[in-house]
Amino acid sequence: MLSTLRRGLGSIFAFEVLCKLLTAIIMTPLAAWLLATLIAWSGNGAVSNYDLVSFFLSPQGLLFGTAAATLAFAIFFFELGGLVALWISLRSEGELQPVLVLQFLLRSLLNLWKLSWHQFIRYVLVALPGLTLAAVAFFSFLTKNDMNYYLQTKPAEYWWALSLIGLGALSFAILALRLFVNWIFSVPILLFEGRLPAEALRESVTLAHGRRKGVLLMLGKWLLLTVLVSATAGIALSLLSTLLMGLAGDHVRFALAAAAWLAVIEFILAALVGGAALALLACLVGERYRQWRPVSSLPSTLLEGRGIRIPALKKLVPAGWTGVLILCLLTALASYRLIHKVNFDNDVLITAHRGSSITAPENTMAAITLAMDEGADVIEIDVQETKDGTIVLLHDKDLKRVTGIDKGIWEVTYDEIKDLDIGSWFDEKYAAERVPTLKHVINTVRGRCRLNIELKFNGHDVRLAEEVVRILNAEGFRDQCVLTSLKYDGLQEAKEADPNAVTGLIVTAAVGDVTKLKVDFLSVSAASVNRDLIDRAHGAEKEVHVWTVNEVSQMNIMIGLGVDNIITDVPALLADLKEERKSLTKAEKALLQLANLSQGRL
């Protein structure tokens, strides 16, 4: 098999390149167009957070989700089928021309998509019991109190829910694996034997019957080898990165070249490992199919191309110069993108997340006062309304985590909670902390700090957005704060109450282009921010705030990328870092950014 693989390496490589080009040129833009069209029905440029559930449960959301899933299945079947055909030809019929294989697959694309529909529906059906069990566990054990209470205290209900959800996930994994093993030969049967999708599935089950253990062992070995190769490549790249950046010292040009080379190597390694893994799986499936179904042969339309030799890989790249040229172009592009990512300014604003919440209990006057002393420009607070409409600071929808009282904030008046201890859960020395009101906080920070007021809609609020806007205007504080929320419609309510209110959407998950949404800025996670998002947001005249950044290396990366505001639990650490960066030259800042990027954000 290894000898055959070496002989057919040129064909396999050429076919993989053609498939990737086809996906990039046709499939990906098609999926993007479909998504943009369906989201346009919602009247916005994107759908995020809470709206994602309603979107994917809507007719257009279900259509997109199903179309995207079946298209992904079809692309996988397309590539797998072509590689299996190449393997079988190499083993018995004579080497095929990759372009001819591609033409054959394009003629079979509709049947492959039909096969993907059959499989997708079956996978959804076997997922239903596990999803039902997970839903029952969640609503039975994890809905009485705020999720943060369960995550922090981990009561018995948390472990019961986790166990049942895990059981549901395990049941789905077992059933899905059984289906995958049963249907592993459905693609070659459909393509090479001219069977309809339903027939191909039945024939594959028959072929796999009595051989499931062998197929499972084959898949296990393939998965283990893939993981080992991926891990080895990752470790080698990390060691090389550390070595090169260590050698760079304070030589920025060397560091830039090293970082660019690392980016190119990482891209090439990812493509090679992914392509090799799929090719190896196809070879294993093709070999078993050839052995266990020897009466079958490749279609005559494919066999017309047998005997046409693909030049060896070294002949495709005469004297290596073409490869060197491509590598140089990729390196130059990577160099440009890397240096383009570097922002040399230090004017990023510091937002203290719920006050200085690492050193004091969140959303308390102690945390707010400490954050101002530590150099925060903005303090982020969470606000909700009580039963009598008072706007108070509280993150969770109930009082359980911070006071031990098992009541929702909408069930109590301010007079009932104003004397409650909300600091002892964090540390006994904060036992004197009480539930602050928005007015109290405004009077405390006025003239010293701005506020980022997150509107926490809990499903029981009555006039949260309107009341917050009213208080800000009454206190003359509107221009010294911004309003944020996970709920896009809630921000629109605030805009309706005051068109001059500055609003920002907190984005945890989204589909579509969030820069097109009608807000003044975006608040995104550090894991999802990149230079492209920042450039698009700034092009739309929107700021980018990033959360929650608590490590120096990540702070440096965010500053270097050019975000406008960093939200952190440790404002003092970020203030010290900004002060240190003032003494750095542009070359040193560039070196620092490249070193951090090479450690995981290339």
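The values are calculated or read from the model by the stated rules, or taken from the named source; none is laboratory data. The structure presented is a predicted model; accordingly, all values stated were derived computationally and were not measured. Note that each Cβ is placed from the backbone with ideal geometry, even for glycine, and that neighbours are counted across all protein chains shown.
Computed values, structure above
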item: Residue in the range 381-400 that is among the hydrophobic types (A, V, I, L, M, F, W, C), touching a Ser or Thr at 6+ places or on another chain (Cβ under 8 Å) and free of Cβ contacts under 8 Å to residues at least 40 places away in the same chain present; result: no
item: Candidate set: the range 45-66, residues that are among the β-branched types (Val, Ile, Thr) and surrounded by fewer than 16 Cβ atoms within 10 Å (Cβ to Cβ); chosen: the one modelled with the lowest pLDDT; result: 53
item: Checklist (1) over 26 Å from residue 357 (Cβ atoms); (2) in a strand (DSSP E or B) applied to residue 523, failing item; result: (1)
item: Tally, over the range 461-487, of residues that are closer than 25 Å to residue 411 by Cα and of a type outside the set (Lys, Arg); result: 14
item: Flag if residue 101 is in the same structural domain as residue 185 (by TED's automatic domain parsing) and crowded, with 23+ Cβ neighbours inside 10 Å; result: yes
item: Residue match in the range 97-113 (condition: within 23 Å of residue 177 (Cβ to Cβ) and in contact with a Leu (Cβ under 9 Å, 6 or more places away or on another chain)); result: yes
item: Residue match in the range 349-357 (condition: modelled with pLDDT under 95, surrounded by fewer than 18 Cβ atoms within 10 Å (Cβ to Cβ) and either out of contact with any strand residue (DSSP E or B) (no Cβ under 7 Å at 6 or more places or on another chain) or not assigned by TED's automatic domain parsing to the domain that holds residue 222 (or both)); result: no
item: Qualifying residue in the range 306-314 (condition: outside any helix (DSSP H, G or I), at pLDDT below 60, β-branched (Val, Ile, Thr) and surrounded by 16 or more Cβ atoms within 10 Å (Cβ to Cβ)); result: yes
item: Tally, over the range 163-191, of residues that are under 14 Å from residue 136 (Cβ atoms) and over 23 Å from the mean Cα position of the chain (by Cα); result: 5
item: Only listed residue being out of contact with any strand residue (DSSP E or B) (no Cβ under 7 Å at 6 or more places or on another chain), modelled with pLDDT of 95 or more and either of a type in the set (Val, Ile, Thr) or outside the structural domain of residue 522 (by TED's automatic domain parsing) (or both), chosen from 386, 437, 390, 413; result: 413
item: Cβ pairs under 7 Å, 6+ apart, first in the range 201-215 and touching a residue at least 24 places away in the same chain (Cβ under 8 Å), second among the hydroxyl-bearing types (Ser, Thr, Tyr) and crowded, with 18+ Cβ neighbours inside 10 Å; result: 201/186
item: Only one of 591, 584 that is at pLDDT below 95, in contact with an Asp or Glu (Cβ under 9 Å, 6 or more places away or on another chain) and not acidic (Asp, Glu); result: 591
item: The one condition in (1) under 25 Å from the mean Cα position of the chain (by Cα); (2) more than 30 Å from residue 290 (Cα to Cα) that residue 155 fails to fulfil; result: (1)
item: Residue that is crowded, with 16+ Cβ neighbours inside 10 Å and modelled with pLDDT of 75 or more, where the choices are 226, 232; result: 226
item: Test: residue 490 is assigned by TED's automatic domain parsing to the domain that holds residue 391, assigned to a helix (DSSP H, G or I), within 23 Å of residue 362 (Cβ to Cβ) and not β-branched (Val, Ile, Thr); result: yes
item: Among residues of the range 363-413, those that are touching a Gly at 6+ places or on another chain (Cβ under 7 Å) and of a type in the set (Val, Ile, Thr), counted; result: 3
item: Within the range 116-146, tally of residues that are surrounded by 13 or more Cβ atoms within 10 Å (Cβ to Cβ), in a helix (DSSP H, G or I) and either in the same structural domain as residue 361 (by TED's automatic domain parsing) or in contact (Cβ under 8 Å) with a residue 24 or more places away in the chain (or both); result: 17
item: Residue within the range 367-376 that is over 23 Å from residue 523 (Cβ atoms), touching a residue at least 12 places away in the same chain (Cβ under 8 Å), out of contact with any Asp or Glu (no Cβ under 8 Å at 6 or more places or on another chain) and among the polar types (S, T, N, Q) present; result: yes
item: Residues satisfying the stated conditions in the range 443-492, i.e. surrounded by fewer than 20 Cβ atoms within 10 Å (Cβ to Cβ) and β-branched (Val, Ile, Thr); result: 444, 462, 471
item: Subset of the range 348-383 (residues that are part of a strand (DSSP E or B) and either closer than 16 Å to residue 442 by Cβ or of a type in the set (A, V, I, L, M) (or both)); result: 349, 350, 352, 378, 379, 380, 381, 382, 383
